[in-house]
Every structure is written in C-alpha cells, then in structure tokens.
Amino acid sequence: HLRVPSTTALRLHADLMNRSGFFRMIRLAGDATYKIFSHSTTTHTVIPFRLSYDMLLSTTAKFDSIAKHNRSIAHSFRDQFIPAMQYTYTYDNTNTYHRNKTWLEASVTSAGNVTSLIFYAFGKDLKQKDKNIFGNPYAQFIKGTAEMRQLWKIDRNQYIATRIMAGAIYSYGNSEYAPYSEQFYIGGANSLRAFTIRSIGPGSFRPDNANRYSYLDETGTLKFEMNVEYRFRIVSDLHGALFVDAGNIWLMKEDPERPGGEIKASTFAEQIALNTGFGVRYDLDFLVLRVDFGLGLHAPYKTKRNGYFNLSPFKDGFAWHFAIGYPF
C-alpha cells in the first residue's frame, strides 16, 4: 500500500463575521497540526494545541438590547479564549480504483480541560466559574462530529450521492453556553436547500417576523442531517441533479427564550425538516458552477397548513442558491 510521509503544519488565521444590523465579530486563531497518513485511504489528524480568541468588534443598539434580555446570547457572544485540542479520523477512497466512493470523517474536540487542570495545579477549584486568561474567560466544552459521504456509480453519466452527518457540543465547567462560533446551524447552499442559512431550528422554534431575536437564536448544540442526490449528464459538460434534504438542529438543555428547541424523542421525527429540489451544474473539470432550486415539503414549525406536508413549495418553501463546487 502507498504510504505518504506524515506532515506538520503551523497556522495563523483570522475569520471575520459581519451581520448587518447586529454585530461584527472576529476570530483570531493559531494551531499546530500533525497529520499521520497510516494508509493511502486513512488519515489521522492530531491538533495537540489550538488557541482561538473570539472578540466582538462592534454591536448595534438592537443587538445590545437582545443580549441584555437573553442570557444564552450574552454568554455565547462574549469575548473569550478557546484553548482546545482535537483528533480527526478520515477515510477517503475517492482517488482509488473502487467503483463506489466513500468518504468518512469523525472528529472530537476538547476545549478548556487542560487549561482547567493547569489552574487546578495552581490551587484553583475545578468547579469555580469564570476563570480567566489575560482578563478574559475561556470556553470549556467537548464537541463531536461525524460525517459520511457515499457516491454510487450507475454508469459513466449517472451517479447517486448520499451524505449523513451528526454533531453534538456540550459545555460545562467554565462555560454555561458554548461559543456562538462553535454552535451548529443548518440551511443554505450545502445543506437544506429550500431554507436559507440559519432560518430553521432549533427544534420547532420559530421567531415571528416581529421577533427581535431574529436568526441570532437559530443555532443549536445538536445537529442531524441527511442528503440524497441523483446526478446525471444532460449534454457535454452540463449536468443536472434531483435531490432530497432532511435535518434540523436542537438544544440539549431547555431554553425558555426558545420554546420547542430542546430535543425530545416524542417530537424528534416531526421536527425533521424536509425538502426536495433540482439543480443544474456546469463542470469545467477544475471548477463546478452550480445553481440549485430547493422546494420545501415539511417545516419543523407550525405553518398555516395542516398535516405533514405543511409548506406550499413555490410559495412558502422555495429558495435558490448559486454556488461553486458540489454540495457534498
């Protein structure tokens, strides 16, 4: 079997999030990453040290009023350090002779635990809240994600692509709520394509048009999503697709500000959003231009229509997305 030398990388990067009318946030981060290629299809990625710093650059009066009355938003948006370590397992046979292709990735992130042990070694109580680094609190949580993609080849012009993914984050110790940048969201060009990004969830929670919290509340600590796509060639480099997407996000803990957001076995199935749709892709080999049209079938929240199919696809549940590359 082909063996590829292991690699070590040091990175420094910054991510800017700008939400017009609410806030501007920046994340500054650095990490040391060690990749072990144990097989031509298997990679172990170890990040023994990653330090991030989330900082609000500016907020509006509207955002400040929201944070004042919503404890979860106030805490998840606070300036804070995120000292973490991470392990990721990746299986990828897409560049092999196999007729059907499989990509699998599972990751576990632990944040703040080593830092808490260091504080403990210097006499700090492990149960003490709001321990600080350079005057700012640090986040403490454990996060796990898993994703599997499968591509079945029917013939040289037809494929069926599937994806299933899940994730969970649990905050504790020095953090009552997970950082906003680490929480899950759903919707958009690479997710549930009948819904815009951050427009559904958690659970059956749905802010009305007059709700001042808007999309800020539409993040969660649990995520589950499934996608199926039939891909076919139309002519030459022009391809088409028919797809079905399903999923949602939830909260592990009850939040009075977001009723219906907590995950429960009795409501899990009915809170899975469902959409179908079609797309057109132009494949240039080095670049894929994609337009997808999503049609909503079922929303996890109450609508004006009764029954399971509670969305009128072209009226209440329609969205189109222009994107680069395949969704998965």
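The values are calculated or read from the model by the stated rules, or taken from the named source; none is laboratory data. Because the structure is a prediction, the values reported are computed rather than measured. Virtual Cβ from ideal backbone geometry, glycine too; neighbours counted across all protein chains shown. Heads up: the accessible areas ignore ligands, DNA and RNA and are worked out on the full protein's heavy atoms, side chains in. Shrake-Rupley method; radii C 1.70, N 1.55, O 1.52, S 1.80 Å.
A few points about this structure:
- Charge dipole (debye, nearest 20) of the stretch 184-328; +1 at Cβ of Lys and Arg, -1 at Cβ of Asp and Glu: 280 debye
- Phe81 - accessible surface, heavy atoms, 1.4 Å probe, Å² rounded to 10: 30 Å²
- Gain upon complete extension [Thr303, His13; 0.36 nm per residue less C-alpha separation]: 100.2 nm
- 5 Å binning of all Cα-Cα separations within the stretch 150-275, expressed as whole percents from 0 upward: 2, 10, 18, 20, 16, 11, 8, 7, 5, 2, 1, 0
- Placing unit charges on the Cβ atoms only, positive for Lys and Arg and negative for Asp and Glu, gives the chain a dipole magnitude near 100 debye about its Cα centre.
- For the stretch 200-328, lysine pairs separated by 8 or more sequence positions, or belonging to different chains, with Cα-Cα distances below 21 Å total 7.
- What the Cα convex hull of the stretch 273-328 gives, in volume per residue, is 73 Å³.
- Span from the the stretch 215-254 Cα centroid across to the the stretch 265-328 one, whole angstrom: 7 Å
- Accessible surface of Asp130 - all protein chains present, 1.4 Å probe, nearest 10 Å²: 90 Å²
- Value of [θ]222 nm, deg cm²/dmol, for the chain, DSSP H segments ≥ 4, -39500 (n - 2.57) each, nearest 500: -2000 deg cm²/dmol
- Lys253 accessible area, assembled protein chains, probe 1.4 Å, Å²: 100 Å²
- Electrostatic bookkeeping for Ala32 treats Lys and Arg as +1 and Asp and Glu as -1; over the other residues with beta carbon under 15 Å from its beta carbon, the sum is +2.
- Inter-part distance where the stretch 81-122 and the stretch 1-79 are each reduced to a Cα centre, Å: 14 Å
- Selection from Ile186, Ile234, Leu151, by position along the positive dipole direction of the stretch 149-239 (Cβ): Ile234
- Surface per residue (accessible, 1.4 Å probe) for the stretch 117-273, Å²: 49 Å²
- If you sort Trp250, Trp320 by accessible surface, 1.4 Å probe, largest first, the order is Trp320, Trp250.
- Expressed in units of 2.2 N^0.38 Å, where N is the residue count, the Cα radius of gyration of the chain is 1.08.
- Rg(Cα) / (2.2 N^0.38 Å) computed for the stretch 77-226, rounded to two decimals: 1.34
- Charge dipole of the stretch 125-276 about the Cα centre (unit charges at C-beta), most positive-ward option of Leu274, Asn136, Thr221: Leu274
- Where Tyr53, Tyr138 fall by accessible area, highest first, once all protein chains stay in place (1.4 Å): Tyr53, Tyr138
- The dipole here belongs to the stretch 130-236: it is taken about the Cα centre, uses +1 on the Cβ of Lys and Arg and -1 on the Cβ of Asp and Glu, and is about 540 debye.
- Cα-projected label distance for Asn157 with Lys129, points at 7 Å along beta-carbon direction, nm: 6.4 nm
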